[in-house]
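What follows is a single structure, written as structure tokens, with notes after it.
All of the numbers you see were taken from the coordinates with simple rules; none came from a lab. Since the model is a prediction, treat every value here as computed from it, not as a measurement. Here Cβ is always computed from backbone atoms with ideal geometry, including for glycine, and neighbour counts include all displayed protein chains.
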Amino acid sequence: MNEIKRTVDDHLPKWLSSKILSAVDYIWRVKGDDERTERRVSAVAQVLDGEQMCWVMMLLTLPKLNKILMRSDELKDFTEMKKAERTIN
């Protein structure tokens, strides 16, 4: 079987490569099942190097980080500032 060259990987940051995103998808598909998730994380860790595994884990935590940021006082201040700018203009 011929290997397909992923040309998009040449134009994106390394944390958005198809290899990293495929690993994230593989783990994400069983996110509600802790035991299966742990097994998949371990399996992916056997294939990827330390930096790549770090990118995978960071991408998996983005939804939780987003929730934290959306509740932050800084976001509320920013939103109020933007509303005030629209009122002034």
Would you calculate, for the chain, the mean residue ellipticity at 222 nm contributed by helices, counting each DSSP H stretch of 4 or more residues as -39,500 (n - 2.57) and dividing by all residues, to the nearest 500?
-> -23000 deg cm²/dmol
Which whole-Hz ³J(HN,Hα) couplings does region 40-52 yield from phi under the Karplus relation 6.51 cos²θ - 1.76 cosθ + 1.60, θ = phi - 60°, glycine and proline marked x?
-> 5, 4, 4, 5, 5, 5, 6, 9, 8, 7, x, 5, 5
Quickly work out the Ala84-to-Thr7 label distance, labels modelled 7 Å from Cα along the C-beta direction, and quote it in nm with one decimal.
-> 5.0
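When only Cα pairs under 8 Å and 6 or more residues apart are kept, what is the percent relative contact order across the chain?
Taking the mean separation of contacting Cα pairs over the length of the chain, I get 23 percent.
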When you have a sec, figure out the Kirkwood radius of the chain from all distinct Cα pair distances and drop it here in Å to one decimal?
-> 15.9
